[in-house]
Amino acid sequence: MIKDLDYAALFQASPYPYLLISPDFTLVGANAAYLKATGTTADTLLGKKIFDAFPANPADPASTNLDEVRKSIELAVATHQPHTSPLLRYAIPLSTLEHGPFETRLWSAVHTPVIDTHGEVVFIAQTAIDVTDLYRFDKPKNRYFLKESVQTVPDIAERTRLQLHEALTRVLNAERTELQTLFDQAPGFIAVLSEANHVFMMVNDAFYHLVGRRNLIGNSLWEALPELVGQGLEPILDEVARSGKPIVLHDRRLTLRGEQDGAQAERYVDLVFQPVLDADGTVSAVFAQGHDVTGAYLASAALKEKVRELEAAKARQTVLLKLGERLRSLSDNPDAMMLAASEELAAFLGVPRTGYVTFEKNSNRAVVITTYADPDRVPPLSAIVAEPDEYGQSVMNELRSGRHIVVHDMDTDPRTAGAVAQAHAAIGARASLAVPIRRQDQSVGFMFAHDDQPRQWLDEDIELMYQTTDRTWEAVERAHALLAMREADRRKDEFLAMLAHELRNPLAPIGAAAQLLQVIKPDEARLRQTSEVISRQVRHMTALIDDLLDVSRVTSGRIKLHTALLEVRDIVVEAVEQVQPLITSRKQNLTLDLAQQATLVEGDRKRLVQVVGNILGNAAKYTHDRGHLVVRTSVVEGNVVIEVRDNGIGMTAALSMRVFDLFSQAERTSDRTSGGLGLGLALVKSLVELHGGSVTCASEGAGNGSTFRVQLPHVPDSLQAGEEPMPDRYPHKAPAALRILVVDDNTDAADMLGMLLDAMGYEVQLAYSSLRALECAKECKPDVCLLDIGLPDIDGNELARRLRDLPQTRHARLIAVTGYSQHSDKENTSAAGFAHHLVKPVDIDRLAAILKDIAAV
């Protein structure tokens with residue numbers, strides 16, 4: 001063992017340049033080789049900070065020497081390991097003169113930490129070797145490159161062979177480190193594979209980032225990355241190794257296994273396989289370099305998809321605009337609208353068939369109402385009625401519930417495979433798309449498209465069909481509304497014409513009777529005949545007006561039912577009594593088939609008799625002489641059913657659908673011999689529905705008769721039917737003398753009513769104005785006042801109040817005789833003090849009964 005070794009002498013004797021630096025960057029020692037190599041002295045260096053002793057060169061502003069040295073020293077201190085800095089450019093003086101020339105030299109510096117027994121860094125030893133002659137400077141590129149041959153290094157006496165070996169080692173290590181750094185830090189992934197078996201020789205960090213930290217080096221591509229087997233890389237690598245020519249791949253999809261969870265994920269890469277050639281041109285390895293372009297590829301794909309969506313949206317919008325133009329041009333033709341929509345959609349989707357289907361109410365069937373078909377690809381469809389089982393019960397159920405149906409392949413879809421697919425195949429449908437038509441939260445039908453080949457329907461196809469369906473159906477509904485409005489206008493005009501006709505008919509005989517009475521002096525028989533004509537025609541006019549008022553009250557909800565438990569048998573019998581004269585006059589045969597069991601309902605007796613009477617009267621009017629009528633009652637599923645059947649003129653299917661609409665009578669016959677305003681059946685429907693029932697009509701066509709069916713809720717047999725007394729018939733002869741004041745500005749009406757009352761034995765006084773009525777009242781002191789309401793000077797209600805204020809008429813009974821019949825009118829007369837409200841023309845029986853009651857008091 002060497003004792004008392006003089007380390008200072010060794011430090012100074014070393015041929016390598018050494019500089020000792022404290023951790024705070026102070027220079028504390030430099031050996032002779034360092035001072036000689038740098039052209040400095042110990043006095044000018046020691047005690048100074050290294051960056052003061054070796055400041056930045058103002059002539060070389062691009063130099064990074066100071067930063068590189070600082071970083072290298074700090075790394076050596078932090079790691080307790082030697083660190084080699086990158087090449088340093090430093091100028092040394094060529095002479096000892098103060099302003100002598102300098103020469104720029106390249107230095108390789110190693111910083112080695114000197115550690116004490118406590119593990120603390122006490123010094124940093126810097127050894128710097130001049131490597132200038134091992135490099136050449138490329139001026140255009142402004143870069144130094146290692147010379148290709150050491151033999152080109154000049155023989156410098158000061159450099160020993162050992163120093164030269166050290167310098168070369170450092171330079172090569174620096175180059176190798178730089179190349180390894182470039183290889184590892186390259187932004188793209190790099191791998192070097194052997195020519196045979198494609199074994200990994202080198203990979204960089206980016207390659208590990210792509211495939212995960214797996215055991216690659218020394219293993220073949222297929223052993224290290226087994227998921228790549230079968231993805232097409234093996235023949236590519238073999239071709240590069242065989243041909244010596246590179247192969248470039250763009251946007252290559254690779255499926256790689258994740259390092260952590262083992263799940264496979266798709267990546268997209270740009271990749272180059274470059275052969276590595278020996279001096280003789282033999283392929284010794286394959287250099288693989290590439291970039292993971294997954295993000296860019298997906299972004300590009302998303303952009304392309306967005307562009308495609310925008311173009312598709314533009315195309316769809318074009319189709320919808322064109323469809324809108326066609327729909328506007330067909331504003332009053334709903335069938336043509338649906339056909340136009342079917343044609344436009346078929347053309348855009350490229351399918352051979354499209355159409356519309358509606359669901360039948362109260363059944364599971366669906367009706368094809370419009371269809372477009374390409375005759376070269378599929379057979380045409382008629383307006384068929386399809387049972388759900390034929391084309392798929394589950395499919396129909398989904399459409400009825402408001403969900404669209406997408407079938408890419410009829411043969412493979414579990415909802416349609418088998419018999420349903422065969423049924424569709426018969427009409428040329430291999431794929432189907434259908435969207436529901438929704439109105440008021442219900443599916444009323446659907447639009448469909450058929451393709452004659454399996455097809456992958458897109459979301460855009462579904463959306464377009466929804467928009468087409470919504471726009472078309474809205475236009476169809478507007479067209480129907482327009483047609484309905486036109487039809488309503490037409491029927492209104494026909495009704496007004498009928499009303500004029502019906503009112504003129506009774507006016508003609510009334511007028512003729514009046515003229516007859518003026519020109520002749522009739523005997524009692526002729527007078528009675530004329531009176532009967534007038535009375536009969538007045539009753540006819542009254543019935544017409546009553547129908548109008550009934551319809552008005554029912555449709556506005558102002559009718560009040562007086563309900564009781566009723567036996568339908570009695571209702572039918574009473575209705576038959578009312579219609580019997582017409583039936584008898586036409587020599588028709590009426591059959592009553594009334595249920596033996598109790599047929600109790602809760603209802604208004606008068607209104608239900610009116611319902612049955614109207615239906616039976618219609619049956620008689622529209623059945624030829626000696627025809628057959630049948631009225632049948634029964635109890636079916638909790639309802640009492642009243643059925644009226646005839647073998648008359650019948651109805652078309654179109655008419656039977658709207659026979660309960662207002663003013664539909666004119667459509668049943670053109671000769672008007674049956675008369676009426678077409679209000680009766682509309683009134684029937686409203687009254688039946690007010691009773692919680694329903695009424696339907698069926699006919700097998702013109703000339704085949706009609707059947708009307710009324711259903712009313714059945715009341716259990718245990719309840720008893722209420723009895724409603726029939727009105728008494730009052731004699732027209734006054735039982736006691738009453739003084740009656742008749743007031744009406746219509747002198748004819750006043751005179752005729754006065755004559756009638758006079759004939760009945762009453763004492764009558766007439767007044768044609770309110771003021772005259774007040775004078776007459778004071779004079780005659782009437783027991784009863786019959787007052788018109790629409791008087792010109794003082795209306796009837798005010799006149800009634802003034803009569804009440806007169807002592808002569810304070811106790812008289814006031815009766816309103818007016819053409820006003822609304823509920824509010826009756827409330828007004830009651831408030832004015834009237835005891836009764838009679839509507840013109842006055843029902844003489846009722847008036848006689850009222851006067852009889854008054855006289856009896």
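The values are calculated or read from the model by the stated rules, or taken from the named source; none is laboratory data. This is a predicted model, so every value here is computed, not measured. Methodologically, a virtual Cβ is constructed for each residue, glycine included, from the backbone with ideal geometry; neighbour enumeration extends over all protein chains shown.
Among the residues of the range 755-768, is any closer than 21 Å to V857 by Cα and acidic (D, E)? Yes, that holds for at least one residue.
Scanning the range 783-827 for residues that are in a loop (DSSP other than H, G, I, E, B), surrounded by fewer than 16 Cβ atoms within 10 Å (Cβ to Cβ) and among the acidic types (D, E) gives a single hit, D793. A single member of R328, R377 is touching a strand residue (DSSP E or B) at 6+ places or on another chain (Cβ under 9 Å) and either charged (D, E, K, R) or at negative phi (or both), and it is R377. Could you tell me whether the range 244-267 includes any residue that is out of contact with any Gly (no Cβ under 9 Å at 6 or more places or on another chain), over 28 Å from A301 (Cα atoms) and not β-branched (V, I, T)? The answer is yes, given that some residue of the range 244-267 is out of contact with any Gly (no Cβ under 9 Å at 6 or more places or on another chain), over 28 Å from A301 (Cα atoms) and not β-branched (V, I, T).
Here the range 262-308 is the region considered, the condition is being over 26 Å from F183 (Cα atoms), of a type outside the set (A, V, I, L, M) and loosely packed, with under 13 Cβ neighbours inside 10 Å, and the residue that is modelled with the lowest pLDDT is G262. Beta carbons closer than 6 Å, at least 6 apart along the sequence or on distinct chains, pair a first residue in the range 759-771 that is surrounded by fewer than 17 Cβ atoms within 10 Å (Cβ to Cβ) with a second that is assigned to a strand (DSSP E or B) for E763/R739. Scanning the range 435-468 for residues that are under 15 Å from D413 (Cα atoms) and free of Cβ contacts under 8 Å to residues at least 40 places away in the same chain returns a single hit, Q453.
Does K560 count as without any contact (Cβ under 8 Å) to a residue 24 or more places away in the chain, in a loop (DSSP other than H, G, I, E, B) and more than 16 Å from V684 (Cβ to Cβ)? The answer is yes for K560.
Residues that are in contact (Cβ under 8 Å) with a residue 12 or more places away in the chain and surrounded by fewer than 21 Cβ atoms within 10 Å (Cβ to Cβ) within the range 740-753 comprise D745, N746, T747, A749, A750, D751, listed in sequence order. Quick one: is A296 closer than 30 Å to T255 by Cα, out of contact with any helix residue (DSSP H, G or I) (no Cβ under 8 Å at 6 or more places or on another chain) and touching a residue at least 60 places away in the same chain (Cβ under 8 Å)? When the stated conditions are applied, A296 does not pass them.
Yes/no per residue for (1) surrounded by fewer than 12 Cβ atoms within 10 Å (Cβ to Cβ); (2) modelled with pLDDT of 85 or more:
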| site | (1), (2) |
| --- | --- |
| L134 | no, no |
| K139 | yes, no |
| K147 | no, no |
| Q151 | yes, no |
| P154 | yes, no |
| A174 | no, no |
| V199 | no, yes |
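Within the range 438-454, restricting attention to residues that are within 20 Å of A341 (Cβ to Cβ) and surrounded by fewer than 21 Cβ atoms within 10 Å (Cβ to Cβ), the residue that is farthest from the chain's Cα centre (by Cα) is V444. Residue count for the range 217-228, restricted to those that are under 18 Å from T255 (Cβ atoms) and not in a helix (DSSP H, G or I): 1. Can you say whether D751 is assigned to a loop (DSSP other than H, G, I, E, B), outside the structural domain of L608 (by TED's automatic domain parsing), out of contact with any Cys (no Cβ under 8 Å at 6 or more places or on another chain) and at pLDDT 80 or above, as far as the supplied structure shows? Criteria not met by D751. Among the residues making up the range 227-261, those that are surrounded by 11 or more Cβ atoms within 10 Å (Cβ to Cβ), more than 20 Å from D292 (Cβ to Cβ) and not hydrophobic (A, V, I, L, M, F, W, C) are E234, D238, E239, R242, S243, G244, K245. Consider the range 4-27. How many of its residues are aliphatic (A, V, I, L, M) and within 24 Å of R105 (Cβ to Cβ)? Total meeting the criteria: 5. For the range 611-660, the set of residues classified as surrounded by fewer than 17 Cβ atoms within 10 Å (Cβ to Cβ) and of a type in the set (S, T, Y) consists of S634, T652, listed by residue number. Restricted to strands (runs of 3 or more DSSP E) entirely inside the range 24-117, those with at least 1 residues that are modelled with pLDDT under 80 and surrounded by fewer than 14 Cβ atoms within 10 Å (Cβ to Cβ) are 102-115.
Based on this model, can you work out whether V435 counts as within 19 Å of L399 (Cβ to Cβ), buried (at least 16 other Cβ atoms within 10 Å of the Cβ) and either of a type in the set (D, E, K, R) or touching a Phe, Trp or Tyr at 6+ places or on another chain (Cβ under 7 Å) (or both)? When the stated conditions are applied, V435 passes them.
Evaluate the following for V609: is it assigned by TED's automatic domain parsing to the domain that holds L690 and in contact (Cβ under 8 Å) with a residue 40 or more places away in the chain? It is false that V609 is assigned by TED's automatic domain parsing to the domain that holds L690 and in contact (Cβ under 8 Å) with a residue 40 or more places away in the chain.
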